[in-house]
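A short worksheet on the structure shown next.
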Amino acid sequence: VQLQASGGGLVQAGGSLRLSCTASGIIFSRNVMAWYRQAPEKQRELVANIGSDYTTNYADSVKGRFTISRDNAKNTVYLQTNNLNLEDTAVYYCRASDYVRSVHVWGQGTQVTVSS
């Protein structure tokens with residue numbers, strides 16, 4: 001089982017990045033997929049998630065700026081981040097949750113750094 005995240009980088013405030021997370025070894029379509037982030041000296045927080053029925057939820061801090069989506073044919077979840085600000089700087093992690101089997105899998109993080 002593996003989640004491979006990519007797409008992070010250094011971007012100026014107001015810019016955009018598209019994060020991707022590709023899964024292997026799971027029944028992707030059955031999983032709730034989520035993006036979390038952790039800034040230095042802060043707790044990890046939920047950014048957005050998308051259910052197997054494509055229902056989405058967002059943290060208030062990213063509503064209207066970030067969009068989560070999934071492509072079950074590619075076993076991939078995306079996070080489109082727009083209008084980034086300094087407070088978005090963090091390591092972003094994807095997570096797959098299979099609530100039928102009560103199994104949760106974390107991917108490795110991808111660093112997003114927003115500069116002024």
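For region 59-116, dividing the convex hull volume of the Cα atoms by the residue count gives 109 Å³ per residue.
Applying 1/(1 + (r/R0)^6) with r as the Cβ-Cβ distance of V1 and E87 and R0 = 30 angstrom yields a FRET efficiency of 0.40. Enclosing the Cα atoms of region 1-55 in their convex hull gives a volume equal to 113 cubic angstrom per residue. Once backbone amide H atoms are built at 1.01 Å from N, R70 has Y78 as its partners under 5 Å, excluding neighbours fewer than 5 places away on the same chain. About its Cα centre, the chain has a charge dipole of approximately 200 debye under the convention of +1 per Lys or Arg Cβ and -1 per Asp or Glu Cβ, with nothing else charged.
Laboratory data are not the source of any read-out in this text; all were calculated from the coordinates shown. Note that the structure is predicted; figures quoted are calculated from it, not measured. Backbone-built Cβ (ideal geometry, glycine too); neighbour counts: all protein chains shown.
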